[in-house]
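As structure tokens, the structure follows; a few thoughts come after it.
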Amino acid sequence: MFRYELASATGLDGLRKVDFEPAPLGPTEVRIAPRAWSLNFRDLAMPRGGYPGNRKIQTDPPLVPLSDAAGEVVEVGAAVRRFAVGDRVCPCFFPDWVDGELEESQLASALGGAADGVLAETVRLPEHGLVRMPANLSFEEAACLPCAAVTAWQALMLARLTPGQTILTLGTGGVSIFALQIAKLAGARVIITSSSDEKLERARELGADACINYATHPDWDVPAREWTGGVGVDNVIEVGGAGTLERSLRAARVSGAVSLIGILTSPEQNPSPMLALFKRLTIQGIYVGSRVMFEALCRAIEAGDLHPVIDKTFGCESVDDVRAAYQYLKSGSHFGKIVIAR
Ligand SMILES: NC(=O)c1ccc[n+]([C@@H]2O[C@H](COP(=O)([O-])OP(=O)(O)OC[C@H]3O[C@@H](n4cnc5c(N)ncnc54)[C@H](OP(=O)(O)O)[C@@H]3O)[C@@H](O)[C@H]2O)c1
């Protein structure tokens, strides 16, 4: 059996493909054979040492990378009831966050960061940490879901996504394109930003109602508000972090929501809390989601026949194949998701 490991926090040079002997299953464990994986922005941080709460690469190397996969169940423990051999499944980003509020103890189960991830020929997981793949998706498509799609889902659901709402989503990466697709499925209006007119055209084809190039319109919050007749948007999918937060707060309507998700930008601004309090904004930190959220998302994907947008698929035969996928992610030239497949 092969798996990929990051040997140390010394960059992608530490990525290696190794043989390993799979451990026997515990009674409530399931062994899956991933057929496809996907990359997320966070995966770029792991070869450089991870981030708070996700530093296995430093504290207990090596790290098996990646949180996202889709594959088949190939073996089940003696007491497993939820799955059988042959089921098509995805791992949950936090296998131990099943439902309810996220608890501190569950953070340690974050795949490919706090704990070993899934870029392996087989992976052993607790049965409570898996979901059944949406029946309408291929393995490559389903592998896009565990991190980015569940994150977008939680951000939209906590702000009570309803038909007619206006959502502002930043950029055209994995989380933002899922937010666009899910919001359109629910009958919302979507404003999207990008540094590329070509990517905005693709977003329009996916249903985006208004497209703003944030490179040519650095004051993108102004046209976003104008598009809503000056009212502001109901929910901002805030993946930019410190460099975009102030404009996101400005773009939101009074009593609207800003879903704090990402840190794509460096701290250039010092957003004023006044913007949030005088507009009575709900500022909600989002950290992927629970299994129950993932299951609700899968039902919506099946009902609406939503298909994740895959920009490019890489192989997993060699370290060079996998490294090329990481490098493509780092280039930022993708639209939607980047997949590795067998
Ligand atoms: N909190 C959570 O649970 C959670 C979960 C998933 C992701 N995240 C975070 O969310 C962020 C996005 O993740 P991802 O995996 O979707 O990333 P990704 O696929 O790598 O998306 C990157 C895209 O972000 C856009 N971008 C970069 N700088 C921007 C800016 N200043 N303004 C607007 N857009 C900008 C670019 O889009 P264009 O090329 O169109 O300009 C770029 O292609 C990351 O910070 C990630 O760590 C957090």
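For the stretch 259-281, the set of residues classified as closer than 18 Å to PHE178 by Cβ and open to solvent by less than 60 Å² (accessible area, probe 1.4 Å) consists of SER259, ILE261, GLY262, listed by residue number.
Let's see how each residue does on (1) open to solvent by 10 Å² or more (accessible area, probe 1.4 Å); (2) in a loop (DSSP other than H, G, I, E, B):
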site: PHE93; (1), (2): no, yes
site: VAL98; (1), (2): yes, yes
site: GLU101; (1), (2): yes, yes
site: SER109; (1), (2): yes, yes
site: GLY113; (1), (2): no, yes
site: VAL118; (1), (2): no, yes
site: ARG124; (1), (2): yes, no
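Taking the numbered list (1) touching a His at 6+ places or on another chain (Cβ under 9 Å); (2) in a strand (DSSP E or B) in turn, SER259 passes all entries but (1). Determine if the stretch 306-320 includes at least one residue that is part of a helix (DSSP H, G or I) and either more than 15 Å from the ligand (Cβ to nearest atom) or without any contact (Cβ under 8 Å) to a residue 60 or more places away in the chain (or both). Within the stretch 306-320 (the criterion being part of a helix (DSSP H, G or I) and either more than 15 Å from the ligand (Cβ to nearest atom) or without any contact (Cβ under 8 Å) to a residue 60 or more places away in the chain (or both)), the answer is yes, since at least one residue qualifies.
Yes or no, residue by residue, for (1) crowded, with 18+ Cβ neighbours inside 10 Å; (2) in contact (Cβ under 8 Å) with a residue 60 or more places away in the chain; (3) assigned to a helix (DSSP H, G or I); (4) among the hydroxyl-bearing types (Ser, Thr, Tyr):
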| residue | (1), (2), (3), (4) |
| --- | --- |
| THR169 | yes, yes, no, yes |
| VAL175 | yes, yes, yes, no |
| GLN181 | yes, yes, yes, no |
| VAL190 | yes, no, no, no |
| GLU198 | no, no, yes, no |
| GLU201 | no, no, yes, no |
| ARG204 | no, no, yes, no |
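Screening the stretch 1-83 for strands (runs of 3 or more DSSP E) wholly inside it with 3 or more residues that are open to solvent by 60 Å² or more (accessible area, probe 1.4 Å) and either in contact with a Leu (Cβ under 9 Å, 6 or more places away or on another chain) or at pLDDT 95 or above (or both) returns the ranges 15-19, 68-76. Restricted to the stretch 236-253, and to residues there that are more than 18 Å from SER194 (Cβ to Cβ) and touching a helix residue (DSSP H, G or I) at 6+ places or on another chain (Cβ under 8 Å), the residue that is surrounded by the fewest Cβ atoms within 10 Å (Cβ to Cβ) is GLU246. Contact map, the stretch 144-161: residues that are touching a residue at least 12 places away in the same chain (Cβ under 8 Å) and within 12 Å of the ligand (Cβ to nearest atom) paired with residues that are among the basic types (Lys, Arg) and open to solvent by less than 10 Å² (accessible area, probe 1.4 Å), Cβ distance under 8 Å, separation 6+ or inter-chain. Pairs shown: CYS144/LYS337; ALA148/LYS337. Taking VAL233, is it crowded, with 21+ Cβ neighbours inside 10 Å and within 11 Å of the ligand (Cβ to nearest atom)? No. Kindly indicate whether LEU275 is at pLDDT below 95 and away from the ligand (no atom under 12 Å from the Cβ). Yes.
The values are calculated or read from the model by the stated rules, or taken from the named source; none is laboratory data. These numbers come from a predicted model, not from an experiment. All Cβ positions, glycine included, derive from the backbone under ideal geometry; neighbour counts span all protein chains shown. Heads up: the accessible areas ignore ligands, DNA and RNA and are worked out on the full protein's heavy atoms, side chains in. Shrake-Rupley method; radii C 1.70, N 1.55, O 1.52, S 1.80 Å.
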